[in-house]
Amino acid sequence: MQVKFSGSIHYANGDPISNVDVRIFDKDATGKQDDDLTVIPGLSNEQGRFDIVYEPLRFLDYHAIQIPGLHKLPINVDGKKSALRMPDLGDFYLPYLQFNYTFNGHVCTHITSLGVLQTKFHLPLNPPMEFLPSRNGFMFRNSFPGYFLPYTPPAFMRSRKISSTYGLCGGMCSAAYDFTLAKINIPQSEEVPHRGSRLHRYLFRRQLDSLGGLGQEVVKVAQWTSLPDDTLVGTQRRTTDEFNQLHQKLDDRNPIILALIFEHASSVKELSRRIFDNHQVLAYAYQQDESGVVIINIYDPNLPGRDDVVIHSEPIMLGEVATPSGSKPVAGMKSTQIVGGVFYKEVRGYFVMPYSPVQPPKGTW
C-alpha cells in the first residue's frame with residue numbers, strides 16, 4: 001500500500017528552503033543497508049512544501065531458511081536446494097526522512113525521524129547572511145547598571161566586592177543575530193535599556209540561552225579558564241580543534257557566537273572571581289593566509305559600532321605525540337584581539353557557544 005506524505009522544510013530560523021530532495025528510509029540493524037521506502041521522491045518548492053509517495057511495507061526484511069527435501073517441490077524453480085523466505089520478526093519499522101540539498105556549493109544531507117503528526121522540519125543551519133557591526137550590532141555598550149539578577153537584591157546582600165555593573169554580551173550577540181535573520185532593523189539607541197524594559201528582558205533571556213539550558217556552557221568556560229595555555233591539552237591546542245570545525249559555518253556565511261577565554265585560574269577561589277571576566281562575541285567572517293594565520297572578524301558588544309575588531313590567530317607548534325607510524329607534531333593557535341590594527345587584549349583561546357534563532361519581540365523599544 002502506497003502512502004502520500006506532505007510536509008515542509010525550513011532553515012533553522014523558519015525561512016523556507018527550495019529544491020531540497022526528500023526521501024523516506026527505514027533504519028535497519030548495524031551492518032545492514034537501510035531500506036529505501038520511496039516510490040516518488042519529494043522536491044520542495046519556494047514555500048518549502050513537498051509531497052512524497054512511499055511504501056511502508058518495503059521495510060520488512062526476510063530470512064532464507066534452508067529445508068532439506070524441498071528440491072522436489074514446485075517452488076524449486078532453479079534446480080538448487082530451495083529455501084523458504086520468512087519475514088524477519090526482529091526487523092522493526094523505524095522510518096526517517098532524508099533531505100538532500102546544496103548549500104553554498106556544498107552537497108549536504110540531513111536526516112530526521114518521521115514523527116507522528118509532524119509535517120514541519122528544519123535543517124541545522126540558517127540562511128546565508130551579511131553581517132556588519134556598524135549596521136547590525138547594538139549601538140550601546142555592554143555595561144548595564146546594577147546586578148546580574150532579574151531583581152535588585154536587598155541592601156544586606158550587596159557587597160563592595162561585587163561589581164555594580166554587569167554584561168549581557170552573549171545576549172547581545174544572540175539578539176543581534178536574531179534581528180539580522182528576521183530582517184528587522186536593530187534598535188539604534190546608544191542608551192543602555194533600563195531594567196524591566198522589553199529590550200532588557202529579551203537580552204537577559206538570550207544571555208541565559210547562550211549559556212545552555214542547564215548552564216552547561218558555564219562549565220565549559222570554567223574548564224577552559226582552568227587549563228594551561230601551551231600544552232598538548234591546553235587552550236591553544238583546543239582552539240585549533242574548534243577552528244577546524246567553525247570555519248565551515250563562516251564559509252557558509254552563518255555567524256557564530258564565540259566564547260573568548262581571557263582569564264586563567266589555578267584554584268577554585270580564583271576561578272570564582274575570574275570566570276565571568278571572560279567574554280562572548282559574534283564571529284561573522286574570516287580570512288586565512290598561506291602560512292595558516294587566521295583573522296576572524298567579530299562584533300564585540302564592548303566596542304559598539306566598530307567594524308575593525310578582529311581576533312588574530314597564528315599557528316604554533318606545541319610538541320609531538322607518538323603514533324604507530326612515528327611521532328606526529330601537535331599544532332595550536334596563539335591569539336590576540338586587535339582593534340583598529342592595534343593590540344587590544346590577549347586571548348588564551350576560544351570556542352563555539354550554542355545559538356538557536358528566536359524571533360525578536362515586536363513593538364517599540
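Just so it is clear, none of the values below were taken in a lab; they were calculated from the coordinates. Keep in mind that this is a model prediction, so the values were computed, not measured. Here Cβ is always computed from backbone atoms with ideal geometry, including for glycine, and neighbour counts include all displayed protein chains.
A compact table of results
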| item | result |
| --- | --- |
| Over the chain, relative contact order from alpha-carbon pairs under 8 Å, at least 6 apart, % | 15 |
| Where only C-alpha atoms are counted, convex hull volume of region 168-208 per residue in Å³ | 67 |
| Net charge, MET333 excluded, C-beta distance under 11 Å - Lys, Arg +1, Asp, Glu -1 | -1 |
| Positive-end residue of ILE186, LEU199, TYR286, charge dipole of the chain with Cβ unit charges | LEU199 |
| Distance histogram in 5 Å bins (all Cα pairs of region 205-308, percent per bin) | 2, 11, 18, 22, 22, 16, 7, 2, 0 |
| Cβ-defined net charge surrounding GLU55, 14 Å radius [Lys, Arg +1; Asp, Glu -1] | 0 |
| Cα-based Kirkwood hydrodynamic radius, the chain, one decimal, Å | 24.5 |
| Distance violations [Cα-Cα > 22 Å] among LYS249/LYS362; LYS4/LYS27; LYS220/LYS269; LYS120/LYS362; LYS120/LYS249; LYS4/LYS120 | LYS249/LYS362; LYS120/LYS362; LYS120/LYS249 |
| Electrostatic dipole magnitude of region 133-352 [Cβ: Lys, Arg +1; Asp, Glu -1; Cα centre; debye, to 20] | 1060 |
| Cα-based Rg / Dmax (Å) for region 9-57 | 13.2, 38 |
| Structure-based [θ]222 nm, the chain - -39500 (n - 2.57) summed over DSSP H runs of at least 4, per residue, nearest 500 | -5500 deg cm²/dmol |
| ARG195-GLN47 pseudo-label distance in nm [points 7 Å out on the Cα-to-Cβ vector] | 4.8 |
| Solvent-free Debye scattering, log10 I(q)/I(0), computed from the Cα coordinates of region 239-278 at q = 0.14, 0.17, 0.32 Å⁻¹ | -0.47, -0.60, -1.02 |
| Gyration tensor over alpha-carbon atoms, region 249-365, equivalent ellipsoid semi-axes in Å | 29, 20, 16 |
